[in-house]
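A.B. asks: Have a look at the structure that comes next, please.
The values are calculated or read from the model by the stated rules, or taken from the named source; none is laboratory data. Worth saying up front: this structure is predicted, and the values here are computed from it rather than measured. Glycine also receives a Cβ, built like all others from the backbone with ideal geometry; neighbour counts cover every protein chain displayed. Quick note on the areas: whole protein, heavy atoms, side chains included, nothing else; ligands and nucleic acids left out. Shrake-Rupley method; radii C 1.70, N 1.55, O 1.52, S 1.80 Å.
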Amino acid sequence: MNDTKIRIASLEQVFASDDEEAVHGAIISHLVAKNPLSELVDVARKTEWRFVLTRNDVEVARRDELKSWYQELVDQVADSIPALEAAERGGSPFARLEARDIAADYCETVTADATRLCRFLFPEDGFPNASDDIEKLLSRTGLKWDGAHTIEREPGEYDRLFQEAVNVLAAREANRNQRGAQFS
Amino acid sequence: MPQENNSEHRIEVMTRALVAGDFATKVKEHISAGYPVTEVVKVTEGTEWRFVITNSGTNIEVETIGALIGRWEAAVARVEDAASHLIVHDMDHPDDVTQMLQIRRRTQAAHAASDLDLAESRIGRYLRAEDHLRLTSLQSSEEIFERVGFHWNGGDCVQEIWSEDHKRKYEQTMAKARERGVVLGTH
């Protein structure tokens, strides 16, 4: 019983620090010595440290850092919206495609990272919900993210826009060839 | 402490669940009750099951190695498919339409490659050292692209690898494209 108390006290001490390596090491030693996982959970809960255990390793991260990182990625999506709106308001098909691709990239990044973050957090920390956050941000543009690489009004609309861009280029090229013929 | 006996009992319960098909539920109960991870290791040793303990020790995700490898293979297949649409085009004077159509293919190839990267890191967390042997036959996106003369920049695009015989490769892809009835630009 005394051993348990000492063990927990020393875990608490390490978890109170911001030394990632020490926390990482303490978790490994704790588990290698076959001590209960519940002790780690109880100690971590009272601190900023969160962890994931894989077969061969422990990944550790701080809750405050995970949360502020997530917020940065959401802001990145938010910052891409004005350009998206401007392009939709009267940009060429090329400008519209480009603005959408950039925003879709940010949507992907925030979603992939939200999945990673959720693996670390306790339920009571609150899980980030990337698809909700993205939907809210995009709502005023009338556009939707398809969950992968595309932002469009409805399924298939991006493809039509792309074809429009190809047609513009083809027309330009035909025009050039015609003019070339006139001068020769 | 009676914990040792309980340990045997818990291992037995989980082992039975493995056979009965409700392993995921039982093992989640085990972890959320705060029991030792070493017991889960013991139960899964020598089986198809792999796990990652998430949410700071309060949750566990279990997967069979077969399902994990299947997901990896699917991601590799998507890169292969995307790579098959890549064509070497005239480096000196590609026409706009061909370029535009290829930009899309190249972006798609880059996306498939980054999806594979993501799959690799997600699946990698579950794997044991010996599992990697089963993955050696799976190609990396680097190998797949190199075979068709491309290189992924790690971001949103793949680029042609410049080589002395670019002209020959270009003529080859054009011939192949014509065979397949693909219309390339307006030339």
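A.B. asks: Can you work out which of the residues in the stretch B:80-93 that are outside any helix (DSSP H, G or I) and in contact (Cβ under 8 Å) with a residue 12 or more places away in the chain is surrounded by the fewest Cβ atoms within 10 Å (Cβ to Cβ)?
C.D. replies: Just the residues of the stretch B:80-93 that are outside any helix (DSSP H, G or I), to begin with: B:85-93.
Filter again for in contact (Cβ under 8 Å) with a residue 12 or more places away in the chain, leaving B:85-91.
On the way: B:H85: 15, B:L86: 20, B:I87: 23, B:V88: 21, B:H89: 22, B:D90: 18, B:M91: 11.
Among them, the one singled out is B:M91.
A.B. asks: Out of the stretch B:149-161, which residues are part of a strand (DSSP E or B) and either of a type in the set (A, V, I, L, M, F, W, C) or crowded, with 16+ Cβ neighbours inside 10 Å (or both)?
C.D. replies: Our first condition is that a residue be part of a strand (DSSP E or B); within the stretch B:149-161, this holds for B:150-152, B:158-160.
Hits for the stretch B:149-161 are B:F150, B:W152, B:V158, B:E160.
A.B. asks: Related question: Counting just the residues of the stretch B:63-76 that are of a type in the set (A, V, I, L, M, F, W, C) and more than 14 Å from B:E120 (Cβ to Cβ), which one comes out least open to solvent (accessible area, probe 1.4 Å)? First the steps, then the outcome.
C.D. replies: Step one: list which residues in the stretch B:63-76 are of a type in the set (A, V, I, L, M, F, W, C), which gives B:65, B:67-69, B:72, B:74-76.
Now narrow it down to the ones that are more than 14 Å from B:E120 (Cβ to Cβ): B:65, B:67.
Working: B:I65: 1, B:A67: 47 Å².
This residue is B:I65.
A.B. asks: Let me ask something additional. Could you list, in sequence order, all residues of the stretch A:117-126 that are more than 9 Å from chain B (Cβ to nearest Cβ) and open to solvent by 60 Å² or more (accessible area, probe 1.4 Å)?
C.D. replies: Scanning the stretch A:117-126 gives a single hit, A:E124.
A.B. asks: Which one is nearest to the other protein chains (Cβ to nearest Cβ) among residues in the stretch A:53-63 that are assigned to a strand (DSSP E or B) and open to solvent by 40 Å² or more (accessible area, probe 1.4 Å)? Working first, answer last.
C.D. replies: Of the residues in the stretch A:53-63, the ones assigned to a strand (DSSP E or B) are A:53, A:58-62.
Restricting the remaining residues to those that are open to solvent by 40 Å² or more (accessible area, probe 1.4 Å) gives A:59, A:62.
On the way: A:E59: 8, A:R62: 11 Å.
For the stretch A:53-63, the residue satisfying everything is A:E59.
A.B. asks: Mind checking whether some residue in the stretch B:114-133 is away from chain A (no Cβ under 11 Å) and of a type in the set (K, R)?
C.D. replies: The answer is no; no qualifying residue exists.
A.B. asks: A:R50 - would you say it is touching a Phe, Trp or Tyr at 6+ places or on another chain (Cβ under 9 Å), open to solvent by less than 20 Å² (accessible area, probe 1.4 Å), touching a residue at least 24 places away in the same chain (Cβ under 8 Å) and not hydrophobic (A, V, I, L, M, F, W, C)?
C.D. replies: Numbers: touching a Phe, Trp or Tyr at 6+ places or on another chain (Cβ under 9 Å): yes; open to solvent by less than 20 Å² (accessible area, probe 1.4 Å): yes; touching a residue at least 24 places away in the same chain (Cβ under 8 Å): yes; not hydrophobic (A, V, I, L, M, F, W, C): yes.
Yes.
A.B. asks: A further question on this structure: Can you tell me how many residues within the stretch B:111-148 are open to solvent by less than 50 Å² (accessible area, probe 1.4 Å) and of a type in the set (A, V, I, L, M)?
C.D. replies: 9
A.B. asks: Still on this structure, please answer the following. Can you tell me which residue in the stretch B:152-167 is modelled with the highest pLDDT, limited to those that are under 30 Å from A:A99 (Cα atoms) and in contact with an Asp or Glu (Cβ under 8 Å, 6 or more places away or on another chain)?
C.D. replies: B:W152
A.B. asks: So how many residues does the stretch B:120-143 have that are touching a residue at least 12 places away in the same chain (Cβ under 8 Å) and either touching a strand residue (DSSP E or B) at 6+ places or on another chain (Cβ under 9 Å) or among the charged types (D, E, K, R) (or both)?
C.D. replies: 9
A.B. asks: Which one of these is in contact (Cβ under 8 Å) with a residue 60 or more places away in the chain and assigned to a helix (DSSP H, G or I): B:T38, B:T98, B:T107, B:T15? Full working, then the answer.
C.D. replies: Working: B:T38 fails: in contact (Cβ under 8 Å) with a residue 60 or more places away in the chain; B:T107 fails: in contact (Cβ under 8 Å) with a residue 60 or more places away in the chain; B:T15 fails: in contact (Cβ under 8 Å) with a residue 60 or more places away in the chain.
Criteria check complete, one pass: B:T98.
Per-residue answers, yes or no, for (1) part of a helix (DSSP H, G or I); (2) within 11 Å of chain B (Cβ to nearest Cβ); (3) of a type outside the set (A, V, I, L, M):
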| site | (1), (2), (3) |
| --- | --- |
| A:S131 | yes, no, yes |
| A:L161 | yes, no, no |
| A:L169 | yes, yes, no |
| A:A174 | yes, yes, no |
| A:R179 | yes, no, yes |
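A.B. asks: Which one is nearest to the other protein chains (Cβ to nearest Cβ), of the residues in the stretch A:6-47 that are open to solvent by 50 Å² or more (accessible area, probe 1.4 Å) and not in a helix (DSSP H, G or I)?
C.D. replies: Within the stretch A:6-47, the match that is nearest to the other protein chains (Cβ to nearest Cβ) is A:K34.
A.B. asks: Provide a single number: the residues in the stretch B:1-59 that are open to solvent by less than 30 Å² (accessible area, probe 1.4 Å) and of a type in the set (F, W, Y). Break it down into steps so the answer makes sense when it comes.
C.D. replies: Initial filter on the stretch B:1-59 (open to solvent by less than 30 Å² (accessible area, probe 1.4 Å)): B:7, B:10, B:14, B:17, B:23, B:27, B:30-31, B:34, B:36-37, B:39-40, B:43-44, B:50-57.
Within this subset, residues satisfying the condition of being of a type in the set (F, W, Y) are B:23, B:51.
Number of matching residues: 2.
A.B. asks: Picking from A:I81, A:I102, which residue would you name as being open to solvent by 50 Å² or more (accessible area, probe 1.4 Å), assigned to a helix (DSSP H, G or I) and among the β-branched types (V, I, T)? Spell out how you get there, then give the answer.
C.D. replies: Numbers: A:I81 fails: open to solvent by 50 Å² or more (accessible area, probe 1.4 Å).
Selected residue: A:I102, the only one of A:I81, A:I102 that is open to solvent by 50 Å² or more (accessible area, probe 1.4 Å), assigned to a helix (DSSP H, G or I) and among the β-branched types (V, I, T).
A.B. asks: Oh, and also: Checking B:A77 against (1) touching a residue at least 24 places away in the same chain (Cβ under 8 Å); (2) within 30 Å of A:F162 (Cβ to Cβ); (3) part of a helix (DSSP H, G or I), only one condition comes out false. Which one?
C.D. replies: (1)
A.B. asks: Considering only the stretch A:64-78, state which residues are open to solvent by 20 Å² or more (accessible area, probe 1.4 Å) and in contact with a Phe, Trp or Tyr (Cβ under 8 Å, 6 or more places away or on another chain).
C.D. replies: Once the filter is applied, which keeps residues that are open to solvent by 20 Å² or more (accessible area, probe 1.4 Å) and in contact with a Phe, Trp or Tyr (Cβ under 8 Å, 6 or more places away or on another chain), the stretch A:64-78 yields only A:Q76.
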